[in-house]
Number of protein chains: 2
Amino acid sequence: MKNDWRTVTFFCSNGKVIYLPMVSAGRMNKKVPAPTVSLIAVAKEAGVSRATASLVLRNSPLVAEPTRARVKAAMETLGYIYNRGAANLRQNRTGTIGLVLSNISNPFFSTLTAGVEEANDASEAICLIANTADSPERQSRQIRRLREHNVDGLIICPAIGSDQKLIDELTRLGLPYVQVLREIPYASGDVVTADYALGIERAMAHLVETGRKRIVFIGAMEMHSAALARLDGYRSAIRHFGLEELPVIAGTRDHRYDEEALDRLFDLPEPPDAAICYNDLIALTLFHHLGRRGMIVGTDFAVIGMDNLPQAAAAYPPLTTIATLPQRIGAVAATLLQKRLMQPERPGERFVITPELVLRNSS
Amino acid sequence: MKNDWRTVTFFCSNGKVIYLPMVSAGRMNKKVPAPTVSLIAVAKEAGVSRATASLVLRNSPLVAEPTRARVKAAMETLGYIYNRGAANLRQNRTGTIGLVLSNISNPFFSTLTAGVEEANDASEAICLIANTADSPERQSRQIRRLREHNVDGLIICPAIGSDQKLIDELTRLGLPYVQVLREIPYASGDVVTADYALGIERAMAHLVETGRKRIVFIGAMEMHSAALARLDGYRSAIRHFGLEELPVIAGTRDHRYDEEALDRLFDLPEPPDAAICYNDLIALTLFHHLGRRGMIVGTDFAVIGMDNLPQAAAAYPPLTTIATLPQRIGAVAATLLQKRLMQPERPGERFVITPELVLRNSS
DNA sequence: GGAAGCAATTAGATCGATCTAAATTCGCCT
DNA sequence: AGGCGAATTTAGATCGATCTAATTGCTTCC
């Protein structure tokens, strides 16, 4: 009646003000018919103290076997549910980690997420997810939000355009982090990434072996480290094999690319005969494009993608691709973060996954 | 030294026992150089009481303007960070919701997740994700885990094989929930789903209009409600148009299907001339299959998929598909859950998204 | 018998916020 | 000057766990 407001404010990580009527909030609280059963209730039921019950919870070797049994029985009969929130307040750790990605609906990232989940399962951690949509401002907001929720650490793929400020903020907030895929230059700390350059070089070698000479790189994205590495791989292979470098075709965020620029290349006296694509989705779009031009993928023109998404194998023709193993990257990152949580002071580690060239019929 | 154990036990939702050495745990705590700055520190700095500082936090109209300014300034200078965990303990709500899906790496689910995120952004909620891998046991474990983390509610796509027990458990745990896509029969509560049957019927009508007569359904999955609805749609359309029902081709979990069974159909005197697929990934796999048989998709044989994944548009030929709008489903589910949190007692709502037929060249 | 040692248990403080109920201050009116 | 209501502010309890620093029993040993 009075106090019929409730807000989330400026200090709670964003500028919005949201009023929730107190009445509803009160209703919301009474989740269950029974009043919540806490450790106190369990202790009383078992005829021991709160402290002992707590020790049983944590499987301490300090409690005697019969006592432990009694307490466990009490928990069972009362339907006790562990309240991690209360424990967290005291312990200052929550068993949650933040997963900060540019866009979960990107299959590459969602597979990475599955890898993180897999590893989390073993370490009893749980993921809070945040979408940055590749905006550094949004990223910063999301990080503060995660910090308020007391995540123990972050697995983060820095949004395009992030710089040292990101690392500074993470340090200021005291948040341990593992960077995945992309990385801020000179940042200390853990990194898990794939050696994209090496993957591209191997793919180029394969194309050269099978007689391709005019190889174009399609779908260069904004300049984050993972994108630069791919281009580097392409260029160093071009030099290594003494080929002519063709103009790089720019990519767009929706897995397409500058079709006109590519068409101009096809009109050259010596048109390209193969393409390395920034990722599988672009490669599959390219299939479409080539089809319209009446070219047969795999014979007239070789296409190699990157990522090895499930649909690469199911495409027609099946797509040769560089597997970047997102699931493994996610799993390694999660494991590395747990390691850092255990030993905050240990020096940063770099984990580089070597991509695998998966040969199929498109090359 | 003493107490050098720390465990997560039987009562903490799973049977595993994990010992973390206390020493590391202690280290882990000192996140920042500075001691954590709490509301008490802010209050002292601003020369007011804890209570007043708290009121400022929540933008209460009760505090006088000059006081509010002083407190805000103090927060700024001290670098105060809101501790939601502490607030949650008192308020008994966390601003987190659990998202329980069978597999996040499935593009359909990851897009749905993006939709949930989108809506959460508006309501200041944040997602904890859990993978069930379509196992009811795992699902039950994950739900208990989320409950321990005090999520306010759940958005859940019941694992294949779930039954009334799931609903009972959610009720017992006092967890408000919104079911998405699949649903337990006779469960009360909110549901967001797509009218798959209607989508399939429309696609069938389109095929019939364009002269197809022998239409096969490919990729029927295990029997959850969403799968059943698709089959229902297929069968009712078959009856409605007076067509002959062909044997349904079973699907597998990795987006493939029983190829042998389909090959047998092609050897019939009257082979099929069109297919409706359980989802786009199966349809794209089918492209491959048809290619091997030397059939041209779109002329010799029509293919219609379901979901409208980005790769459907980029496929060759572009895939006609039934858009099931996962992003919207996610957003609606998240909004509905917030509504339920505000008004726990209101009757359950069903939200049915009507799929859209997206015509492209494969049909 | 008393001290020492060990195993098992516990009282009470604590984490950092919110909520209740009461106290204080202020302006204004008689 | 005193009183009243409204506007501010605050003390203290509280949420449900963990952690510290004892305390309580028992053996055992001199």
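The values are calculated or read from the model by the stated rules, or taken from the named source; none is laboratory data. A quick note: this is a predicted structure, and the numbers were derived from the prediction, not measured. Positions of Cβ are backbone-derived with ideal geometry, glycine not excepted, and every protein chain shown enters the neighbour counts.
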Any hit, the stretch B:140-160, residues being assigned to a loop (DSSP other than H, G, I, E, B), modelled with pLDDT of 95 or more and of a type in the set (Ser, Thr, Tyr): no
Residues being closer than 16 Å to B:Asn279 by Cβ, assigned to a loop (DSSP other than H, G, I, E, B) and in contact with a helix residue (DSSP H, G or I) (Cβ under 8 Å, 6 or more places away or on another chain) - total across the stretch B:319-345: 2
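For B:Thr193, state whether it is in contact (Cβ under 8 Å) with a residue 24 or more places away in the chain, polar (S, T, N, Q), buried (at least 19 other Cβ atoms within 10 Å of the Cβ) and away from chain A (no Cβ under 14 Å).
Numbers: in contact (Cβ under 8 Å) with a residue 24 or more places away in the chain: yes; polar (S, T, N, Q): yes; buried (at least 19 other Cβ atoms within 10 Å of the Cβ): yes; away from chain A (no Cβ under 14 Å): yes.
For B:Thr193, the condition - in contact (Cβ under 8 Å) with a residue 24 or more places away in the chain, polar (S, T, N, Q), buried (at least 19 other Cβ atoms within 10 Å of the Cβ) and away from chain A (no Cβ under 14 Å) - is met.
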Single condition B:Arg141 does not satisfy, out of (1) facing chain A (nearest Cβ under 8 Å); (2) surrounded by fewer than 22 Cβ atoms within 10 Å (Cβ to Cβ); (3) not small (Gly, Ala, Ser): (1)
A:Asn92, sole failed condition from (1) modelled with pLDDT under 95; (2) more than 9 Å from DNA strand C (Cβ to nearest atom); (3) under 28 Å from A:Leu173 (Cα atoms): (2)
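Of the residues A:Ile156, A:Ile160, which is within 21 Å of A:Thr193 (Cα to Cα), under 17 Å from the mean Cα position of the chain (by Cα), away from chain B (no Cβ under 11 Å) and surrounded by fewer than 21 Cβ atoms within 10 Å (Cβ to Cβ)? Step through it out loud before you land on a result.
Numbers: A:Ile156 fails: surrounded by fewer than 21 Cβ atoms within 10 Å (Cβ to Cβ).
Of A:Ile156, A:Ile160, the one residue that is within 21 Å of A:Thr193 (Cα to Cα), under 17 Å from the mean Cα position of the chain (by Cα), away from chain B (no Cβ under 11 Å) and surrounded by fewer than 21 Cβ atoms within 10 Å (Cβ to Cβ) is A:Ile160.
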Odd one out for B:Tyr186, checked against (1) buried (at least 20 other Cβ atoms within 10 Å of the Cβ); (2) over 22 Å from B:Arg360 (Cβ atoms); (3) of a type in the set (Ser, Thr, Tyr): (1)
Filtered residue count, the stretch A:165-189, keeping only those that are closer than 23 Å to A:Asp232 by Cα and modelled with pLDDT of 95 or more: 2
Enumerated helices (runs of 4 or more DSSP H) restricted to the stretch B:33-137, each holding at least 2 residues that are within 7 Å of chain A (Cβ to nearest Cβ): B:84-91, B:107-123
Near pairs, Cβ below 6 angstrom, 6+ apart or cross-chain, from the stretch A:37-56 (of a type outside the set (Ser, Thr, Tyr)) to any residue that is more than 10 Å from DNA strand C (Cβ to nearest atom) and outside any helix (DSSP H, G or I): A:Val37/A:Tyr80; A:Val42/A:Tyr80
Answer from A:Arg90, A:Arg70 - the residue that is away from DNA strand D (no atom under 11 Å from the Cβ) and basic (Lys, Arg): A:Arg70
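I need the full set of residues from the stretch B:50-64 which are within 9 Å of DNA strand D (Cβ to nearest atom) and within 44 Å of the chain's Cα centre (by Cα), in order please. Steps first, please.
Residues of the stretch B:50-64 within 9 Å of DNA strand D (Cβ to nearest atom): B:50-56, B:60-64.
The answer is B:Arg50, B:Ala51, B:Thr52, B:Ala53, B:Ser54, B:Leu55, B:Val56, B:Ser60, B:Pro61, B:Leu62, B:Val63.
Every residue in the stretch A:124-138 that is closer than 20 Å to A:Leu341 by Cα and buried (at least 18 other Cβ atoms within 10 Å of the Cβ), please.
Restricting attention to the stretch A:124-138, the residues satisfying the condition of being closer than 20 Å to A:Leu341 by Cα are A:124-129.
Passing the criteria: A:Ala125, A:Ile126, A:Cys127, A:Leu128, A:Ile129.
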Condition check for A:Gly305: in the same structural domain as A:Pro272 (by TED's automatic domain parsing) and buried (at least 24 other Cβ atoms within 10 Å of the Cβ): yes
Single match in B:Leu166, B:Leu181 (criterion: free of Cβ contacts under 8 Å to residues at least 40 places away in the same chain, surrounded by 20 or more Cβ atoms within 10 Å (Cβ to Cβ) and within 30 Å of B:Gly95 (Cβ to Cβ)): B:Leu166
Residue that is nearest to A:Ile156 (Cα to Cα), among those in the stretch A:71-82 that are within 15 Å of DNA strand C (Cβ to nearest atom) and surrounded by fewer than 20 Cβ atoms within 10 Å (Cβ to Cβ): A:Lys72
Yes/no for A:Ala133 being in the same structural domain as A:Lys339 (by TED's automatic domain parsing) and at pLDDT below 95: yes
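Yes or no: B:Ile282 buried (at least 18 other Cβ atoms within 10 Å of the Cβ) and more than 9 Å from chain A (Cβ to nearest Cβ)? Don't jump to the end; show me each part of the working.
Working: buried (at least 18 other Cβ atoms within 10 Å of the Cβ): yes; more than 9 Å from chain A (Cβ to nearest Cβ): no.
The answer is no for B:Ile282.
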